[in-house]
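Enquirer: Here it is, the structure in full.
The values are calculated or read from the model by the stated rules, or taken from the named source; none is laboratory data. Just so it is clear, the structure is predicted and the values come from calculations on it, not from any experiment. Backbone-built Cβ (ideal geometry, glycine too); neighbour counts: all protein chains shown.
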Amino acid sequence: MSMELIHTSVQRGIRGDNGFATACATRGLPPQLESVLAELSSYDFDTSRSVGGDVVEWAHRIVKSGSKAHTILSRVAPCGSDWSGRPNRVAHHLVVEASERAPAGPAWALSAFAGFATAVPVVEERASGPVIPSASCGPRRPAAWESAGFDGGWAGIVACTLLDHPSSTCFVVLPDEMDCLGLVSDVLALIPEERRWFITFSTRPQRMPASVTCQLRFVRAGASGINRILGEPGARRIVVARGQSPEPSAAVDAARAGETVQPSIQRPVRTYVAPVVRNTPQVQDAPPRPAAAPPKVGRSMQRASATAAGTASPAVSMSYPGVDSSGAVHAAPRSSGAPIGGLRTDIPGVPALAWGLFIYSAVAVLIAFVLGILSLL
Amino acid sequence: MPLRTLVSSLTCPHCWAEFPPVQIRYVSEHEALRGDPILGESEQLRFLPSRFDARGRAIDPLGALCSRMACKQCHLELPSAALELPQTILSIVGAPACGKSVMLAAASFSLRSGLVVDGMDFIDADPTLNDLTLELESSLFRSSTPDRPTMIAKTDLSGRLYRSFQLGDSQWIAPKPQLFVIGRRAHRQLLCLYDNAGEHFLPGRDAAHEPVTRHLAASRALVFVVDPTQDQRVIDRLGGRDAVRAQGGAGSTEQRQDLVLIEAANRVRRLRAMSAFDPLPFRIVLALAKADIWGHLTAPEIRADFGGAAARTSVTVPDIRVLSAVHTACEGFLAASMPELLATARALDPKFRIVPFSGLGNPPSRSDSDRGLTILPRDVRPVWPAAPIVVALAEANPAMFSEYIDA
């Protein structure tokens with residue numbers, strides 16, 4: 001079941017502390033996760049200092065706590081003044097289980113969830129978590145981008161970048177502060193449903209702990225210190241401007257037409273084949289191959305050669321354990337096993353080239369040794 | 001090449017690691033050296049230099065000249081003054097909403113003016129590292145819109161006020177130090193201050209991976225900020241909660257401030273491996289905040305021209321005669337209104353000092369809509385804002401401020 005945490009400035013939180021504290025939490029929330037969520041609750045009120053693209057921080061992040069990764073949906077926003085008369089903020093985090101992830105994506109779930117705290121709530125520990133809305137939605141025209149004055153093709157550029165570079169931070173630089181949740185919803189609608197919950201984002205990013213993943217970040221052009229943030233190595237930067245159209249591409253056309261955006265970079269063909277070190281049924285049925293001439297090597301090498309001797313059949317190649325289930329194209333298995341200098345070279349993890357080098361260097365050392373002896377004589 | 005005299009050992013103001021200057025790391029300058037194993041991918045590589053140019057500047061592995069230095073352990077940046085000047089860490093402690101940030105902003109702003117103490121220099125060790133104080137100052141004292149109501153935001157528990165770094169397998173969070181070079185007569189020091197959130201000092205909030213109050217282990221004086229308007233007895237004497245809130249006081253009584261002081265003292269003893277019966281290794285200065293609200297409750301009344309000795313300005317620290325008289329007046333006030341706090345301070349440090357101050361000078365107004373406190377920057381007139389810090393400095397470095405030591 002889902003869990004939630006509301007962090008704000010209260011006179012007395014549920015743990016007995018005052019000031020910024022946990023005002024509301026689901027019973028059973030792990031303490032370690034609670035401290036990370038508290039760390040994600042900060043809000044910078046200074047508009048000249050913050051770099052965020054939205055006044056409200058809407059975020060979908062993956063938080064590693066202990067040995068588990070949690071999907072977190074967050075809303076952090078100002079909420080008037082606190083008990084001491086100073087500006088207050090309220091941060092509401094939802095911990096979403098895998099079964100509760102709406103196919104429509106995290107941005108849709110954030111916009112559809114009506115229970116976000118917008119003011120200081122009643123301090124309480126709740127017995128159960130909130131109900132996360134669920135629905136599916138297909139690709140659509142990026143209406144929020146168009147109503148904000150942007151070319152809808154930019155949504156396709158963002159979607160394509162997220163798909164092409166899943167491990168890179170992607171900054172979307174907006175000309176001014178605006179409602180970014182609609183922009184994210186449009187981008188995620190263009191992404192295949194099974195990929196949407198892999199996209200993490202924040203509309204008002206701040207310093208984040210290392211245990212938190214946040215891929216897509218909306219920032220504001222002209223904010224102080226923005227160049228330093230955008231200079232992060234490996235980060236992708238998409239500068240969006242009103243009245244400007246992106247370069248034509250398949251992603252741009254797909255976004256304008258309201259169709260699913262496909263990645264522009266094909267994943268590289270995986271050529272590595274994990275060696276098989278155990279017999280498969282096909283191999284057991286096949287007649288045993290004659291063993292190669294016994295080499296003058298140690299016992300362990302003989303054992304390895306014997307193990308590998310029956311596995312070089314092409315019939316075995318398609319049942320290698322390295323083949324993944326994603327349908328990725330694999331190269332044909334390397335025809336290893338050809339004897340080099342009388343030794344079988346299909347010992348797991350030792351390529352034929354290494355064997356060749358080893359044998360030739362051994363011969364060279366032997367010749368040098370003999371020559372040395374002769375020169376001494 | 002000019003000679004530089006280095007200190008024998010320096011304490012990192014971020015992680016409080018002690019190491020000799022020879023082990024200091026340099027921050028690489030070459031763009032290709034982005035990414036540091038401790039600070040992450042967005043920071044330049046820190047390295048122990050082995051090549052220097054003729055002027056003694058380090059050369060990074062890709063040949064760029066480097067001048068910025070960093071801690072050996074946490075790799076966070078240090079000002080070059082840390083290598084040459086002895087360091088004085090002052091811990092500013094207090095319950096939430098007691099006025100620590102306002103005191104820090106008002107004190108640093110007034111100390112820059114040179115009017116606080118005769119002959120005292122006060123400059124930023126590195127303005128890029130002191131962005132927090134500069135921002136606090138500019139929102140209240142250097143505002144470009146002096147007729148627009150403003151207020152310092154509540155200090156958050158995370159975010160831009162803190163820095164994180166990786167030590168071993170764990171992520172550590174440290175508060176951002178504010179570093180100043182202070183000089184007087186023949187003495188120069190590196191002053192290190194922290195703006196912690198009050199929540200960090202509450203009992204039970206000292207976490208191993210969040211050593212945000214570990215400066216207590218290295219500090220040379222403790223400034224404990226007290227907000228009398230958070231005590232019910234003071235509130236009653238001031239006419240009730242609504243009256244206090246109308247004047248800009250907290251009006252909340254949820255937090256017992258004496259417990260925060262005990263917790264701070266316990267952390268000092270724990271971090272320094274001291275016995276429970278050992279006296280604290282430094283002086284406690286009780287800084288009574290918001291004196292403009294409760295100052296008339298003391299006998300005699302506390303004002304900027306207290307004792308008839310009108311200072312040049314309201315930010316000037318009064319002489320020891322006035323400070324002693326104020327101490328006595330405040331002691332009487334605390335004995336009548338907050339006796340447990342007075343007894344706690346006396347038990348922890350029999351020679352504690354009491355210094356009142358007002359960071360704003362005038363009461364902020366409370367808006368009708370959301371009950372938020374605001375003040376016009378042109379109305380800000382702090383009274384003795386730096387006095388608690390100067391008294392604490394005098395206790396830590398008697399030779400530097402000998403006239404503020406009570407004989």
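Enquirer: One residue is enough: does segment B:316-325 have a residue meeting the conditions within 22 Å of B:Q247 (Cβ to Cβ) and surrounded by 15 or more Cβ atoms within 10 Å (Cβ to Cβ)? It would help to see each step written out before you state the result.
Expert: The first filter runs over segment B:316-325 and keeps only residues within 22 Å of B:Q247 (Cβ to Cβ), leaving none.
Taking every residue of segment B:316-325 in turn, none turns out to be within 22 Å of B:Q247 (Cβ to Cβ) and surrounded by 15 or more Cβ atoms within 10 Å (Cβ to Cβ).
Enquirer: Taking the condition within 20 Å of B:L238 (Cα to Cα), exposed (fewer than 15 other Cβ atoms within 10 Å of the Cβ) and not aliphatic (A, V, I, L, M), does B:P339 pass?
Expert: yes
Enquirer: Also, quick follow-up: Considering only segment A:84-108, how many residues are assigned to a helix (DSSP H, G or I) and either out of contact with any His (no Cβ under 8 Å at 6 or more places or on another chain) or within 14 Å of chain B (Cβ to nearest Cβ) (or both)? It would help to see each step written out before you state the result.
Expert: Applying the first criterion (assigned to a helix (DSSP H, G or I)) to segment A:84-108 yields A:98-100, A:106-108.
Restricting the remaining residues to those that are either out of contact with any His (no Cβ under 8 Å at 6 or more places or on another chain) or within 14 Å of chain B (Cβ to nearest Cβ) (or both) gives A:98-100, A:108.
Qualifying residue count, segment A:84-108: 4.
Enquirer: Oh, and also: Go over the candidates B:Q73, B:Q23 one by one and state the one that is within 24 Å of B:Q166 (Cβ to Cβ), more than 14 Å from chain A (Cβ to nearest Cβ) and surrounded by 14 or more Cβ atoms within 10 Å (Cβ to Cβ).
Expert: On the way: B:Q23 fails: surrounded by 14 or more Cβ atoms within 10 Å (Cβ to Cβ).
Just one listed residue meets the conditions, B:Q73.
Enquirer: Could you figure out which of (1) surrounded by 24 or more Cβ atoms within 10 Å (Cβ to Cβ); (2) not in a loop (DSSP other than H, G, I, E, B) isn't true of A:T71?
Expert: Against the list (1) surrounded by 24 or more Cβ atoms within 10 Å (Cβ to Cβ); (2) not in a loop (DSSP other than H, G, I, E, B), A:T71 comes up short only on (1).
Enquirer: Do we find a residue being more than 23 Å from B:F141 (Cα to Cα), assigned to a strand (DSSP E or B) and under 13 Å from the mean Cα position of the chain (by Cα) anywhere in segment B:82-89? Walk me through how you get there before you give the answer.
Expert: Narrowing segment B:82-89 to residues more than 23 Å from B:F141 (Cα to Cα): B:82-89.
Now drop any that are not assigned to a strand (DSSP E or B), which leaves B:87-89.
Add one more test, that the residue is under 13 Å from the mean Cα position of the chain (by Cα), and what stays is B:88-89.
Taking every residue of segment B:82-89 in turn, at least one turns out to be more than 23 Å from B:F141 (Cα to Cα), assigned to a strand (DSSP E or B) and under 13 Å from the mean Cα position of the chain (by Cα).
Enquirer: I'd like the full set of residues that are under 14 Å from the mean Cα position of the chain (by Cα), in contact (Cβ under 8 Å) with a residue 40 or more places away in the chain and under 25 Å from A:E146 (Cβ atoms), limited to segment A:182-199.
Expert: We begin by selecting, within segment A:182-199, every residue under 14 Å from the mean Cα position of the chain (by Cα); these are A:194-199.
Next, from what is left, pick out any that are in contact (Cβ under 8 Å) with a residue 40 or more places away in the chain: A:196-197, A:199.
Passing the criteria: A:R196, A:I199.
Enquirer: Could I ask something else about it? So the check is Cβ under 8 Å with 6+ separation or different chains; which pairs have a first residue in segment B:96-119 that's outside the structural domain of B:E263 (by TED's automatic domain parsing) and a second one that's surrounded by fewer than 22 Cβ atoms within 10 Å (Cβ to Cβ)?
Expert: Note: no pairs meet the criteria.
Enquirer: Right, next: Based on this model, can you work out whether A:K68 counts as among the basic types (K, R) and within 14 Å of chain B (Cβ to nearest Cβ)? Working first, answer last.
Expert: Numbers: among the basic types (K, R): yes; within 14 Å of chain B (Cβ to nearest Cβ): no.
Considered against the rule, which asks whether it is among the basic types (K, R) and within 14 Å of chain B (Cβ to nearest Cβ), A:K68 comes out as no.
Enquirer: What number goes with the only condition from (1) buried (at least 17 other Cβ atoms within 10 Å of the Cβ); (2) touching a Leu at 6+ places or on another chain (Cβ under 7 Å); (3) of a type outside the set (V, I, T); (4) without any contact (Cβ under 8 Å) to a residue 60 or more places away in the chain that B:P127 does not pass?
Expert: Here B:P127 clears every test but (1).
Enquirer: Could you tell me whether segment B:15-32 includes any residue that is part of a loop (DSSP other than H, G, I, E, B), charged (D, E, K, R) and under 16 Å from B:L190 (Cβ atoms)? Let's see the steps before the verdict.
Expert: Going through segment B:15-32, the residues part of a loop (DSSP other than H, G, I, E, B) turn out to be B:15-17, B:20, B:24, B:28-30.
From what's left, charged (D, E, K, R): B:29.
Cutting the leftovers down to under 16 Å from B:L190 (Cβ atoms) gives us none.
Taking every residue of segment B:15-32 in turn, none turns out to be part of a loop (DSSP other than H, G, I, E, B), charged (D, E, K, R) and under 16 Å from B:L190 (Cβ atoms).
Enquirer: Within segment A:189-223, how many residues turn out to be assigned to a loop (DSSP other than H, G, I, E, B) and within 15 Å of A:T71 (Cβ to Cβ)? Walk me through how you get there before you give the answer.
Expert: So in segment A:189-223, the residues assigned to a loop (DSSP other than H, G, I, E, B) come out as A:190-192, A:197-200, A:203-211, A:214-215, A:221-223.
Next cut, within 15 Å of A:T71 (Cβ to Cβ) only: A:197-200, A:211, A:214-215.
Residues that pass the stated criteria total 7.
Enquirer: Counting only residues that are within 14 Å of chain A (Cβ to nearest Cβ) and aliphatic (A, V, I, L, M), how many does segment B:244-294 have? Outline the logic, then answer.
Expert: Narrowing segment B:244-294 to residues within 14 Å of chain A (Cβ to nearest Cβ): B:244-257, B:259-260, B:263, B:289-290, B:293.
From what's left, aliphatic (A, V, I, L, M): B:244, B:246, B:250, B:259-260, B:289, B:293.
Adding up the residues that qualify gives 7.
Enquirer: Taking the conditions exactly as written (surrounded by 22 or more Cβ atoms within 10 Å (Cβ to Cβ), away from chain B (no Cβ under 14 Å), touching a residue at least 40 places away in the same chain (Cβ under 8 Å) and not in a loop (DSSP other than H, G, I, E, B)), does A:A59 satisfy them or not? So that I can check it myself, show each step before the final result.
Expert: On the way: surrounded by 22 or more Cβ atoms within 10 Å (Cβ to Cβ): yes; away from chain B (no Cβ under 14 Å): no; touching a residue at least 40 places away in the same chain (Cβ under 8 Å): yes; not in a loop (DSSP other than H, G, I, E, B): yes.
No; evaluated as a whole, the condition is false for this residue.
Enquirer: Shifting gears a bit: In segment B:308-401, which helices (runs of 4 or more DSSP H) lie fully inside it and hold 1 or more residues that are among the basic types (K, R)? Show your work before the answer.
Expert: Details: elements: B:320-337, B:339-348, B:387-396.
Ranges flagged: B:320-337, B:339-348.
Enquirer: On to the next question. Filter segment A:146-173 down to residues that are touching a residue at least 60 places away in the same chain (Cβ under 8 Å) and not in a loop (DSSP other than H, G, I, E, B), then give me how many there are.
Expert: Selection size over segment A:146-173: 15.
Enquirer: Now for a separate question. Quick check on B:R184: is it surrounded by 17 or more Cβ atoms within 10 Å (Cβ to Cβ), modelled with pLDDT under 85, assigned by TED's automatic domain parsing to the domain that holds B:L216 and touching a strand residue (DSSP E or B) at 6+ places or on another chain (Cβ under 7 Å)?
Expert: The answer is no for B:R184.
Enquirer: Determine, yes or no, whether A:G66 is under 30 Å from the mean Cα position of the chain (by Cα), modelled with pLDDT under 90 and surrounded by 24 or more Cβ atoms within 10 Å (Cβ to Cβ). Reasoning before the result, please.
Expert: Numbers: under 30 Å from the mean Cα position of the chain (by Cα): yes; modelled with pLDDT under 90: yes; surrounded by 24 or more Cβ atoms within 10 Å (Cβ to Cβ): no.
When the stated conditions are applied, A:G66 does not pass them.
Enquirer: When the residues of segment B:154-179 are filtered to those that are more than 9 Å from every other protein chain (Cβ to nearest Cβ) and touching a helix residue (DSSP H, G or I) at 6+ places or on another chain (Cβ under 7 Å), which remaining residue is surrounded by the most Cβ atoms within 10 Å (Cβ to Cβ)?
Expert: Result: B:Q178.
Enquirer: Then there's this: Does B:S42 meet the test of being among the polar types (S, T, N, Q) and farther than 29 Å from B:N397 by Cα?
Expert: Values: among the polar types (S, T, N, Q): yes; farther than 29 Å from B:N397 by Cα: yes.
For B:S42, the condition - among the polar types (S, T, N, Q) and farther than 29 Å from B:N397 by Cα - is met.
Enquirer: Then there's this: Return the residue satisfying two criteria in turn: it lies in segment A:177-226 and is within 14 Å of chain B (Cβ to nearest Cβ) and of a type in the set (K, R), and of such residues it is surrounded by the fewest Cβ atoms within 10 Å (Cβ to Cβ).
Expert: The extreme case among them is A:R207.
Enquirer: Here's something else I'd like to know. Taking into account only those residues within segment B:202-234 that are away from chain A (no Cβ under 14 Å) and over 24 Å from the mean Cα position of the chain (by Cα), which is surrounded by the fewest Cβ atoms within 10 Å (Cβ to Cβ)?
Expert: The qualifying residue surrounded by the fewest Cβ atoms within 10 Å (Cβ to Cβ) is B:R233.
Enquirer: A follow-up question, please. So, of the residues in segment A:227-245 that are assigned to a loop (DSSP other than H, G, I, E, B) and away from chain B (no Cβ under 11 Å), which turns out to be surrounded by the fewest Cβ atoms within 10 Å (Cβ to Cβ)? Break it down stepwise before answering.
Expert: Of the residues in segment A:227-245, the ones assigned to a loop (DSSP other than H, G, I, E, B) are A:231-235, A:240-245.
From what's left, away from chain B (no Cβ under 11 Å): A:240-245.
Values: A:V240: 23, A:A241: 14, A:R242: 11, A:G243: 7, A:Q244: 10, A:S245: 13.
Among those that are assigned to a loop (DSSP other than H, G, I, E, B) and away from chain B (no Cβ under 11 Å), it is A:G243.
Enquirer: Same structure, new question: Working only within segment B:116-154, note down all residues that are at pLDDT below 85, more than 21 Å from B:S365 (Cβ to Cβ) and among the hydrophobic types (A, V, I, L, M, F, W, C).
Expert: B:L129, B:L132
Enquirer: Still on this structure, I have one more. Would you point out which residue out of B:E137, B:E199 is touching a residue at least 12 places away in the same chain (Cβ under 8 Å), out of contact with any helix residue (DSSP H, G or I) (no Cβ under 7 Å at 6 or more places or on another chain), within 14 Å of another protein chain (Cβ to nearest Cβ) and not in a strand (DSSP E or B)?
Expert: Numbers: B:E137 fails: out of contact with any helix residue (DSSP H, G or I) (no Cβ under 7 Å at 6 or more places or on another chain).
Answer to the selection: B:E199.
Enquirer: Which members of segment B:298-315 meet the condition of being out of contact with any helix residue (DSSP H, G or I) (no Cβ under 6 Å at 6 or more places or on another chain), crowded, with 18+ Cβ neighbours inside 10 Å and modelled with pLDDT of 75 or more?
Expert: B:S314
Enquirer: Identify, please: which residue in segment B:203-232 is modelled with pLDDT of 85 or more and of a type in the set (G, A, S) and is, among those, farthest from B:E18 (Cα to Cα)?
Expert: The first filter runs over segment B:203-232 and keeps only residues modelled with pLDDT of 85 or more, leaving B:213-232.
Narrowing the set further to residues that are of a type in the set (G, A, S) leaves B:217-219, B:221.
Numbers: B:A217: 12, B:A218: 10, B:S219: 13, B:A221: 19 Å.
It comes out as B:A221.
Enquirer: What tally of residues in segment A:3-47 results from selecting those that are touching a His at 6+ places or on another chain (Cβ under 8 Å), at the interface with chain B (Cβ under 9 Å from one of its Cβ atoms) and part of a helix (DSSP H, G or I)?
Expert: 1
Enquirer: I would also like to ask the following. Here are some conditions: (1) loosely packed, with under 11 Cβ neighbours inside 10 Å; (2) among the hydroxyl-bearing types (S, T, Y); (3) at pLDDT below 55. A:S375 meets all but one. Which one does it not meet?
Expert: Of (1) loosely packed, with under 11 Cβ neighbours inside 10 Å; (2) among the hydroxyl-bearing types (S, T, Y); (3) at pLDDT below 55, only one is false for A:S375: (3).
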